[in-house]
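Engineer: Structure incoming, see below.
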Amino acid sequence: VQGWTDTKVRTFAETFMFGVSTSAYQVEGAWNVDGKTESIWDKYLHDNPDVVADGRNGDVASDSYHNYERDVEMLREIGVDHYRFSISWPRVLPSGFPNEINEQAFQYYDNLINELLTYKIEPMVTLYHFDLPQRLQDLGGWANPLSIEWFEDYAKVVFDRYADKVKFWITINQPNSICVDGYGDKVMAPAVDAKGIGEYICIKNVLLAHANAYRLYERDYKKKYNGNVGIAISVNWASPINNKTVNAQAAELYRAFTIDMYVHPIWSTYGDFPQPVKDAVAKKSLEQGYPRSRLPSFTAEEKRLLKKSADFLGVNHYTTFLVKPAKKQFSVPSFDGDINVEISQDDIWTSGKSVWLKSYPFGLYKALLHINQNYEYPPIFITEHGWSTNPGLWDQTRVNVLREYLKVLLFSIEDGAQVKGYTVWSLMDNVEWTSGTSERFGLYEVDFDSETKNRTARLSALAYRHIIEERIIDDWTPPSLKIDVSD
Ligand code: PNW
């Protein structure tokens, strides 16, 4: 990182937690096995096979449903402190409701969690990572305010079962993907595409669902089990394309819509959605002939419920965008029109396989600084950071990118960021939503053509193992690509 050229050796504390992550739809497969019903992603990709880049959906994926022992073996090979995975709601509650609890499905999570605990790997459980039961979508999904209760009821079943074993909980992963991409657009399931309307209704309900689940844990489990409950938010960085004031203002508004929209209601002293977002949507809505803002408001009671409803902020950080005001006018209401900016990335930044993914490590520092300055140094867990490539074991670029970002993370911590842990996305190759398996995020390569979805360590798995062991970032290269749990 520019300017940081001293030779001081910085180390990660022994208590700092290093881990890796996955999500249910992306790795489990077994989409209709043992009583599991359809999720919105099953339905979306079954009904629209053409939207998947390489045609590979999550029906089988990495088949982790049948491979949990191998998965934990890989975690032991890397030597992680924690494993972040998600529970599939339609697998454990096939009707969407707790009237019927799928014991066979829970057996899988019992096995996985017990295996993790046997090897002293801390389970970090995400309750919701994009895979709503389709039956609940048929009732409106996250656009129905009753979804707040549905989620609480589901959370209670899972807390009851695992509160004694799981100390790190994430209620919901990336509300922006769920809502902006799934309700205000059609790039993610359930592809409601109700632009300028659906995303805001969804965001309100998803945030309240999170808060309700947090309060449930706080009230009925916290004293006895002393676990931590957070939410994972997409916190990419956004810089003005250059120093002109208009660009700086555009970048600020873009951050308000993409980051603060979710962080502010929970971590600010005032609560509620950020004022610039409320103002922008209200103004546009009136101009467009709506009698009220398309952004629904929170009642005083809802604001109170949301404030401080997290023990830590889960940060999913991948990349940085460059922002300037939009040239084009948006004729129909939309989230993009409300922000009214144009985003790009710098061509000189190293590119990942995903079109949106470029490496700009300093962006992580800026993102964490933004959180600290605005929200008074909350406890943070990096719940996702990763890099996509083509298939292949020799992933030197992923190694370089992880190292660069981890160096910047050390600077951020030195400057006061309260970061307790870091999690690589992902343990293994998996179904990258509509990109299928055309973008590989894994420290382990998965051979999707093999019957048993064989997993093989990449260079990055060994490099990460070395980082976890030594707690420093250096230029170590392994003598070979072999890895063994016994040494
Ligand atoms: C996340 N961006 O999505 C999700 O949580 C994972 O399920 C997913 O597999 C992973 O990151 C890789 O995509 C993101 O545009 C989607 O910056 C888009 C962005 C970041 C994360």
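Engineer: Looking only at the range 157-173, which residues are buried (at least 24 other Cβ atoms within 10 Å of the Cβ) and either away from the ligand (no atom under 16 Å from the Cβ) or not hydroxyl-bearing (Ser, Thr, Tyr) (or both)?
Structural biologist: The answer is Phe168, Trp169, Ile170, Ile172, Asn173.
Engineer: Exactly one of (1) touching a helix residue (DSSP H, G or I) at 6+ places or on another chain (Cβ under 7 Å); (2) under 26 Å from Pro379 (Cα atoms) is unmet by Asp160. Its number?
Structural biologist: Unmet condition: (1).
Engineer: Kindly evaluate Leu132 against the criterion of being closer than 11 Å to Ile40 by Cβ, of a type outside the set (Phe, Trp, Tyr) and within 16 Å of the ligand (Cβ to nearest atom).
Structural biologist: Judged against the criteria, Leu132 is a match.
Engineer: Can you tell me which condition Tyr290 does not meet? The list is (1) buried (at least 17 other Cβ atoms within 10 Å of the Cβ); (2) within 21 Å of Asp193 (Cβ to Cβ), and all the others hold.
Structural biologist: Failed condition: (1).
Engineer: List the helices (runs of 4 or more DSSP H) inside the range 49-165, counting only whole elements, that have at least 3 residues being touching an Asp or Glu at 6+ places or on another chain (Cβ under 8 Å) and within 18 Å of Ala30 (Cα to Cα).
Structural biologist: Qualifying helices (runs of 4 or more DSSP H): 89-92, 103-118.
Engineer: I'd like the full set of residues that are under 17 Å from Asn57 (Cβ atoms), crowded, with 19+ Cβ neighbours inside 10 Å and without any contact (Cβ under 8 Å) to a residue 60 or more places away in the chain, limited to the range 440-450.
Structural biologist: Phe441, the sole residue that qualifies.
Engineer: Take the range 303-325 and flag every residue that is over 24 Å from His129 (Cβ atoms), in contact (Cβ under 8 Å) with a residue 60 or more places away in the chain and more than 16 Å from the ligand (Cβ to nearest atom).
Structural biologist: Lys324, Pro325
Engineer: Give, as residue ranges, the strands (runs of 3 or more DSSP E) completely inside the range 303-371 that count at least 3 residues that are under 23 Å from the mean Cα position of the chain (by Cα).
Structural biologist: Of the strands (runs of 3 or more DSSP E) lying wholly inside the range 303-371, those with at least 3 residues that are under 23 Å from the mean Cα position of the chain (by Cα) span 312-316, 320-325.
Engineer: So which pairs qualify, if the first residue must be in the range 330-344 and over 12 Å from Ala250 (Cα atoms), the second must be of a type in the set (S, T, N, Q), the Cβ gap must be under 6 Å, and the two must be at least 6 apart or on different chains?
Structural biologist: So the pair list comes out as Pro333/Gln288.
Engineer: Moving on to the next point. Any residue in the range 424-438 that is in contact (Cβ under 8 Å) with a residue 24 or more places away in the chain, crowded, with 20+ Cβ neighbours inside 10 Å, at positive phi and not in a loop (DSSP other than H, G, I, E, B)?
Structural biologist: Scanning the range 424-438, I find at least one residue that is in contact (Cβ under 8 Å) with a residue 24 or more places away in the chain, crowded, with 20+ Cβ neighbours inside 10 Å, at positive phi and not in a loop (DSSP other than H, G, I, E, B), so the answer is yes.
Engineer: Only one of Ser359, Ser412 is in contact with a Leu (Cβ under 7 Å, 6 or more places away or on another chain), surrounded by 17 or more Cβ atoms within 10 Å (Cβ to Cβ) and closer than 23 Å to Ser21 by Cβ; which?
Structural biologist: Ser412
Engineer: Out of all the residues in the range 366-374, is one or more at pLDDT 95 or above, touching a strand residue (DSSP E or B) at 6+ places or on another chain (Cβ under 8 Å) and over 23 Å from Ala248 (Cβ atoms)?
Structural biologist: Looking for residues that are at pLDDT 95 or above, touching a strand residue (DSSP E or B) at 6+ places or on another chain (Cβ under 8 Å) and over 23 Å from Ala248 (Cβ atoms), one finds none in the range 366-374, hence no.
Engineer: Pull out all pairs, ordered by first then second residue, where Cβ-Cβ is under 9 Å, the residues are six or more apart or on different chains, the first lies in the range 451-473 and is part of a loop (DSSP other than H, G, I, E, B), and the second is among the small types (Gly, Ala, Ser) and surrounded by 15 or more Cβ atoms within 10 Å (Cβ to Cβ).
Structural biologist: Within 9 Å, the pairs are Lys453/Gly29; Lys453/Ala61; Lys453/Ser62; Lys453/Ser64; Arg458/Gly442.
Per-residue answers, yes or no, for (1) part of a strand (DSSP E or B); (2) in contact (Cβ under 8 Å) with a residue 24 or more places away in the chain:
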site: Arg219; (1), (2): no, no
site: Lys223; (1), (2): no, no
site: Gly230; (1), (2): yes, yes
site: Ala238; (1), (2): yes, yes
site: Thr258; (1), (2): no, yes
site: Pro265; (1), (2): no, yes
site: Gly271; (1), (2): no, yes
site: Pro276; (1), (2): no, yes
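Engineer: Hey, could you check the range 283-330 for residues that are in contact with a Lys or Arg (Cβ under 8 Å, 6 or more places away or on another chain) and aliphatic (A, V, I, L, M) and say which is farthest from Leu216 (Cα to Cα)?
Structural biologist: Out of the qualifying residues, it is Leu295.
Engineer: Being of a type in the set (S, T, N, Q) and within 25 Å of Ser234 (Cβ to Cβ) is the requirement here; does Thr456 meet it?
Structural biologist: Spelling it out, it is not the case that Thr456 is of a type in the set (S, T, N, Q) and within 25 Å of Ser234 (Cβ to Cβ).
Quick grid of which residues meet (1) more than 16 Å from the ligand (Cβ to nearest atom); (2) under 20 Å from Ser177 (Cα atoms); (3) at pLDDT 95 or above; (4) over 20 Å from the mean Cα position of the chain (by Cα):
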{"residue": "Glu14", "(1), (2), (3), (4)": "yes, no, yes, yes"}
{"residue": "Ser23", "(1), (2), (3), (4)": "no, yes, yes, no"}
{"residue": "Val33", "(1), (2), (3), (4)": "yes, no, yes, yes"}
{"residue": "Glu38", "(1), (2), (3), (4)": "yes, yes, yes, yes"}
{"residue": "Pro49", "(1), (2), (3), (4)": "yes, no, yes, yes"}
{"residue": "Asp54", "(1), (2), (3), (4)": "no, no, yes, yes"}
{"residue": "His66", "(1), (2), (3), (4)": "yes, no, yes, yes"}
{"residue": "Glu69", "(1), (2), (3), (4)": "yes, no, yes, yes"}
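Engineer: Sort out which residues of the range 381-423 are more than 16 Å from the ligand (Cβ to nearest atom), touching a helix residue (DSSP H, G or I) at 6+ places or on another chain (Cβ under 7 Å) and not in a helix (DSSP H, G or I), and write them in order of number.
Structural biologist: Passing the criteria: Leu393, Trp394, Gly416, Ala417, Val419.
Engineer: From Tyr183, Tyr214, Tyr262, grab the single residue that is buried (at least 24 other Cβ atoms within 10 Å of the Cβ), touching a Ser or Thr at 6+ places or on another chain (Cβ under 6 Å), of a type outside the set (A, V, I, L, M, F, W, C) and under 30 Å from Tyr44 (Cβ atoms).
Structural biologist: Matching residue, one of Tyr183, Tyr214, Tyr262: Tyr214.
Engineer: Show the residue pairs that are 6+ apart or on different chains and have beta-carbon atoms under 7 Å apart, the first residue being within the range 127-145 and of a type in the set (Lys, Arg), the second being within 16 Å of the ligand (Cβ to nearest atom) and modelled with pLDDT of 95 or more.
Structural biologist: Partner pairs satisfying both residue conditions: none exist.
Engineer: Let me ask something else about it. Would you be able to say whether some residue in the range 24-37 is assigned to a helix (DSSP H, G or I), surrounded by fewer than 19 Cβ atoms within 10 Å (Cβ to Cβ) and in contact with a Leu (Cβ under 9 Å, 6 or more places away or on another chain)?
Structural biologist: no
The values are calculated or read from the model by the stated rules, or taken from the named source; none is laboratory data. Note that the structure is predicted; figures quoted are calculated from it, not measured. Using ideal geometry, Cβ is built from the backbone for each residue, glycine included, and neighbour counts are taken over all protein chains shown.
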